[in-house]
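Scroll down for the structure; my scribbles are underneath it.
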Amino acid sequence: MKEKILTAKIIAVANQKGGSAKTTTSLTVSGELGIRPSIENRSNRVLVVDADAQETAVAWARSAPDNRPFPATVIGMASYAGKMHREIQRQLENYDYIVIDCPPSVDTITTQSALLIADLVIVPVPPSPADVWSCRATLALIERIQVINPGLKAVLLATKIQRTSLSRAVLDELATFEVPLMRSRMAHRTAYQEAILAGTTVAALGRDARAAASEVSALVDEVLEILGGQND
């Protein structure tokens, strides 16, 4: 019997506005996936594609100590632009998950290239009216790409949430969008900035980051649920 060849699930993280926590979402999701066991009783093989010319994701991973590398491979691919999807497709059999950290613009062919091959796109949205308004352009692009890539699923993720009336109002507004709002959310926590400095995941920060680690774990559980479970 011929052995089944597994191919990676592709997750894009996109929003046209900078400061929406795209890189934080990309690296926390990929880091959590990287420390979880796969169906083959090994750690998941995770590739992070930094599609932003600023390469913040690459810098995050490079901050890791030599004896404790970031639990995912992180590479820059901004230079591939509209041909990025072709390069990623060459890696499908080498990884279980590929997470694409898109640049802060939906007008670039780089973001469009990412969405052409993604199984899921996460749109992180902080609690501000400007961010809510700007994400509509991202959702419009997703809708256009879904004509070409009908398997593309899309979700909104509330990020930088605080216990304020503004955060509650934004959550209520996002819940009215046609694209579903994830149950999970990422609070405004210093643990995420500490993880960037340490080149690691919030799960590796210990007791002081337990709340962040818990919400990241719940987020990845929901992502896997949307994707249909483990890569099989």
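Any read-out appearing in this document is the output of simple, stated calculations on the displayed coordinates, not a laboratory observation. These numbers were taken from a predicted model, which means no experiment stands behind them. Cβ coordinates were reconstructed from backbone atoms using ideal geometry, including for glycine residues, and neighbour counts include every protein chain displayed.
Only counting other Cβ atoms within 10 Å, I'd like Glu225, Glu215 sorted with the fewest neighbours first.
Values: Glu225 10, Glu215 19.
Fewest-to-most Cβ neighbours within 10 Å comes out as Glu225, Glu215.
Were the residues from Thr56 through Ile35 laid out at 0.36 nm apart, the gain over their Cα-Cα distance would be 5.4 nm. Along the charge dipole of the chain, Cβ charges K/R +1 and D/E -1, which of Met84, Leu115, Tyr95 sits furthest on the positive end? The residue sitting most towards the positive pole is Tyr95. Model label sites at Leu224 and Asp107, defined 7 Å from Cα along the beta-carbon direction, differ in position by 4.0 nm. Taking a span of 18 Å or more along the helix axis (Cα atoms) and a mean Kyte-Doolittle hydropathy of at least 0.0 as the rule, the DSSP H helices of the chain that qualify are 22-35, 129-148, 210-227.
Full extension of the chain segment joining Trp133 with Arg183 gains 15.9 nm, where the gain is 0.36 nm per residue of separation less the Cα-Cα distance.
Let me know the charge dipole size of the chain about its Cα centre in debye, to the nearest 20, where only the beta-carbon of Lys, Arg (+1) and Asp, Glu (-1) is charged.
Numbers: 24 positive and 25 negative charges, 29 e Å.
Result for the chain is approximately 140 debye, rounded to the nearest 20.
The value for the stretch 9-222 of Rg(Cα) / (2.2 N^0.38 Å) is 0.96.
Tell me, what is the FRET efficiency for Ala169 and Arg86 to the nearest 0.05, using R0 = 45 angstrom and their Cβ-Cβ distance as r? Show your work: numbers first, answer last.
Working: r = 42 Å, r/R0 = 0.94.
Approximately 0.60, to the nearest 0.05.
Dipole size of the stretch 1-123 about its Cα centre, with +1 on Lys/Arg Cβ and -1 on Asp/Glu Cβ: approximately 180 debye, rounded to the nearest 20. Ordering of 19-28, 194-203 by packing is 19-28, 194-203, highest average first (other Cβ atoms within 10 Å, averaged per residue). Pairs of Lys residues in the chain, spaced 8 or more positions apart or belonging to different chains, with C-alpha separations under 18 angstrom: 4 in total.
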